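Trainee: Questions regarding the structure given below will be posed in turn.
The values are calculated or read from the model by the stated rules, or taken from the named source; none is laboratory data. Predicted model, so just to flag it, every value in this text is computed and none were measured. Neighbour counts run over all protein chains shown; Cβ positions are idealised from the backbone, glycine included. When the accessible area is computed, the model is the full protein with side chains, heavy atoms only, and any ligands, DNA or RNA have been set aside. Shrake-Rupley method; radii C 1.70, N 1.55, O 1.52, S 1.80 Å.
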Amino acid sequence: EAQVTQNPRYLITVTGKKLTVTCSQNMNHEYMSWYRQDPGLGLRQIYYSMNVEVTDKGDVPEGYKVSRKEKRNFPLILESPSPNQTSLYFCASSLSLGTAQKLFFGSGTQLSVL
Amino acid sequence: AQSVTQPDIHITVSEGASLELRCNYSYGATPYLFWYVQSPGQGLQLLLKYFSGDTLVQGIKGFEAEFKRSQSSFNLRKPSVHWSDAAEYFCAVAGDTGRRALTFGSGTRLQVQP
């Protein structure tokens with residue numbers, strides 16, 4: 001089954017404790033992206049990747065890192081999480097030309113930073 | 001820069017009634033326009049998209065949307081709403097060259113009354 005898998009589904013952590021949210025897709029998609037969803041703000045793009053070793057900042061990249069060492073994986077790293085990063089995070093992928101193609105979304109990761 | 005406005009934060013309709021969700025976009029050229037639906041606890045699913053051609057586009061689950069350039073709108077419609085349509089709906093626009101990024105609206109939460 002074609003899917004985007006995020007883990008964990010829920011995560012509670014404390015300020016400053018490094019964490020990684022994993023994202024994996026099994027569709028051989030070139031384009032992958034991370035979004036955060038906050039009430040009243042919709043989804044905002046954090047980082048995206050056009051292909052292996054090609055990443056770029058989205059609209060709200062501060063406090064986040066990503067890597068794309070393999071085509072299928074696109075982890076989101078919070079080196080020193082802060083409470084304002086409490087949010088619902090979504091990973092998404094598409095075949096190529098991210099905007100023109102259908103985006104497939106993971107089920108989300110609800111992060112709470114205390 | 002591209003932007004999307006969804007003026008209605010929350011809409012309640014009765015089951016069987018018609019539905020229209022509003023979306024206004026801002027972009028200089030012809031945009032790519034999308035509607036996504038998010039069911040509770042789920043990721044987003046593409047309902048329909050407009051790239052060019054016929055301004056009335058059909059999507060899944062009986063939804064349709066009409067692109068009106070003169071009004072910068074891309075409203076989503078359904079003639080008869082089902083209880084299972086209760087969800088949050090996001091309009092999105094793409095167009096920034098080189099960024100390949102979707103810009104999402106803040107979402108409209110649809111509640112369906114029996």
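Trainee: With the requirement that a residue be under 15 Å from B:LEU76 (Cβ atoms) and surrounded by 19 or more Cβ atoms within 10 Å (Cβ to Cβ), what does the stretch B:20-38 give you?
Mentor: Listed by number, the residues that qualify are B:LEU21, B:CYS23, B:TYR25, B:LEU33, B:PHE34, B:TRP35, B:TYR36, B:VAL37, B:GLN38.
Trainee: Scan the stretch A:62-76 and give yes if some residue there is crowded, with 21+ Cβ neighbours inside 10 Å, part of a strand (DSSP E or B), more than 14 Å from every other protein chain (Cβ to nearest Cβ) and not basic (Lys, Arg), otherwise no.
Mentor: Yes: one or more hits.
Trainee: Name every residue in the stretch B:14-39 that is of a type in the set (D, E, K, R) and assigned to a strand (DSSP E or B), in order of residue number.
Mentor: Within the stretch B:14-39, just B:GLU20 meets the criteria.
Trainee: Can you work out which of the residues in the stretch B:69-109 that are at pLDDT below 90, open to solvent by 20 Å² or more (accessible area, probe 1.4 Å) and touching a Ser or Thr at 6+ places or on another chain (Cβ under 7 Å) is nearest to A:GLY40 (Cα to Cα)?
Mentor: Taking the candidates together, the pick is B:THR103.
Trainee: Of the residues B:LYS78, B:LYS61, which single one is closer than 29 Å to A:GLN25 by Cα and among the basic types (Lys, Arg)?
Mentor: B:LYS61
Trainee: Now for a different question. Can you find even one residue in the stretch B:47-54 that is in contact (Cβ under 8 Å) with a residue 60 or more places away in the chain, under 21 Å from A:LEU103 (Cβ atoms), open to solvent by 10 Å² or more (accessible area, probe 1.4 Å) and more than 11 Å from the chain's Cα centre (by Cα)? Before you say what the answer is, go through the steps one by one.
Mentor: If we filter the stretch B:47-54 for residues that are in contact (Cβ under 8 Å) with a residue 60 or more places away in the chain, which is where we start, we get none.
Looking for residues that are in contact (Cβ under 8 Å) with a residue 60 or more places away in the chain, under 21 Å from A:LEU103 (Cβ atoms), open to solvent by 10 Å² or more (accessible area, probe 1.4 Å) and more than 11 Å from the chain's Cα centre (by Cα), one finds none in the stretch B:47-54, hence no.
Trainee: Looking only at residues that are of a type in the set (A, V, I, L, M, F, W, C) and in contact (Cβ under 8 Å) with a residue 12 or more places away in the chain in the stretch A:31-61, which one is farthest from the other protein chains (Cβ to nearest Cβ)?
Mentor: Within the stretch A:31-61, the subset of a type in the set (A, V, I, L, M, F, W, C) is A:32, A:34, A:41, A:43, A:46, A:50, A:52, A:54, A:60.
Restricting the remaining residues to those that are in contact (Cβ under 8 Å) with a residue 12 or more places away in the chain gives A:32, A:34, A:43, A:46, A:50, A:52, A:54, A:60.
On the way: A:MET32: 11, A:TRP34: 12, A:LEU43: 4, A:ILE46: 11, A:MET50: 7, A:VAL52: 16, A:VAL54: 11, A:VAL60: 12 Å.
Among residues in the stretch A:31-61 that are of a type in the set (A, V, I, L, M, F, W, C) and in contact (Cβ under 8 Å) with a residue 12 or more places away in the chain, the one farthest from the other protein chains (Cβ to nearest Cβ) is A:VAL52.
Trainee: Using the structure shown, decide if A:TYR35 is open to solvent by less than 10 Å² (accessible area, probe 1.4 Å) and touching a Lys or Arg at 6+ places or on another chain (Cβ under 6 Å).
Mentor: no
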